[in-house]
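The structure under discussion appears below in the form of structure tokens.
The values are calculated or read from the model by the stated rules, or taken from the named source; none is laboratory data. The structure presented is a predicted model; accordingly, all values stated were derived computationally and were not measured. No Cβ is skipped: glycine too gets one built from the backbone with ideal geometry, and neighbour counts run over all protein chains shown.
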Amino acid sequence: MPASQTRCLRAAALACAIVPAAAAIADSIILIPDTTQDKVWAFSAWDGSLITEDYVPEDPYMSQVRSVAQLPNGKLLLADPAFGLGCSLADGVLEYSPCGTFERMVVDQTSGVCDPQQVYWFNGKVWFTMSSLTLNSEGGLNSIWSMNADGSGLTEVSRSTLFVRTWGFAPIADGFVVASGGSSVSLPSSLVKVSFDGTTASVWHQPDDTGVKFPQQVSSMPGGGVAVACFSGNYGVYFFDANGQPRQDIPSYHRTLGPFGGVSPRGCYPLGNGEVMYAGGTVVGAFNPVTGDDRTIVNSVGGSSGTIALSSFHWISKVERCPVDLTCDGQVDGQDLGVLLGSWGTSGVPADVNGDGTVDGQDLGVLLGNWGACVGS
Ligand SMILES: [Ca+2]
Ligand SMILES: [Ca+2]
């Protein structure tokens, strides 16, 4: 126990308030938007276990959120293309508090943003894809954009003619791997690599007839390369090395191999325990990429039975939360102390930060031991 915390446990609460301690340590969680119920679910980033289905509860602002990213100050950005492709007033990138309360629309149709799909915080900027019904060669908006955390400096990074229809993307060592394509012959699928400055674009992986089709989320994998969730055709999760070649050490799991008998995955993401989480239709699950063993974590509507729900679980992201930040402002400070003292002796409240059923000196000690800005674990 840190010396400052020991002192605090023995001291009066107000005296403790002036004793600085270490920074607050966040823990990692997984967030997955549910476009059927217009809310965002939270899971353990270690084993995928469900934490809450209302991390961002249903509100009047979400229409069909696809993805979530986190800014360094802990706030969440939600990419919301609203009601299908085609620009609408509800399209935009929304900002929420670290605990999931709506704060503002950062960019929207009035900024030139239509149908944002995946949003990322990377290299000191916000990046997101936009998807369009019209091919780029005919004036479509399939593209990658960047902006500053406050929404200023909005810039189109790439509108490559290689983009058939842009969905998820992920950074690798020297550029982004972008999921491109659709479910029909006229919308062929591929993975396109784009340099970070957008000046070069090339086909990174060109699938054969049995491979990647309608790719959705692209996720960076530990040790390099990516996983790609494919929504139609030979649907499943495909693994590639850093050069866009199928991984030799991990099989790709598709509808005839592994867990995807009835689930068309939109999202895929590595868990801390070595499994790969997936999301699609009404199901969130996880499988072991070595053995193929599969388990269902959530089946929210009672089974997809091979039928793709039009609205469904979407893309998976990892964010940090700060359990002792009781005011959800990214800091553990006097305001949080005030909340804790105001809850003294009660149970079933967030101020019971050690979860033992009572708000008491032990919780005070934890709070004071986490004083300061919330930082990643
Ligand atoms: Ca706080
Ligand atoms: Ca307690």
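Considering each of 355, 338 in turn, give the residue that is under 28 Å from residue 71 (Cβ atoms), modelled with pLDDT under 95 and of a type in the set (Gly, Ala, Ser).
355
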Failed condition for residue 230, given (1) within 20 Å of the chain's Cα centre (by Cα); (2) closer than 14 Å to residue 288 by Cα: (2)
Residues located in the stretch 339-361, provided they are within 16 Å of ligand 1 (Cβ to nearest atom) and farther than 18 Å from residue 322 by Cα: 341, 342, 343
Scan of the stretch 72-94 for residues that are in contact with a Gly (Cβ under 8 Å, 6 or more places away or on another chain) and within 19 Å of residue 373 (Cβ to Cβ), ordered by number: 73, 74, 75, 76
Failed item, numbered, when residue 323 is tested on (1) closer than 30 Å to residue 220 by Cα; (2) within 16 Å of ligand 2 (Cβ to nearest atom); (3) at pLDDT 90 or above: (3)
Residue within the stretch 105-114 that is assigned to a loop (DSSP other than H, G, I, E, B) and of a type in the set (S, T, N, Q) present: no
Residue that is modelled with the lowest pLDDT, among those in the stretch 261-303 that are under 18 Å from the mean Cα position of the chain (by Cα) and of a type in the set (Val, Ile, Thr): 282
Verdict on residue 112 being more than 30 Å from residue 222 (Cα to Cα), modelled with pLDDT of 90 or more and touching a helix residue (DSSP H, G or I) at 6+ places or on another chain (Cβ under 8 Å): no
Subset of the stretch 98-113 [touching a residue at least 12 places away in the same chain (Cβ under 8 Å) and touching a strand residue (DSSP E or B) at 6+ places or on another chain (Cβ under 6 Å)]: 100, 102, 103, 105, 106, 107, 108, 113
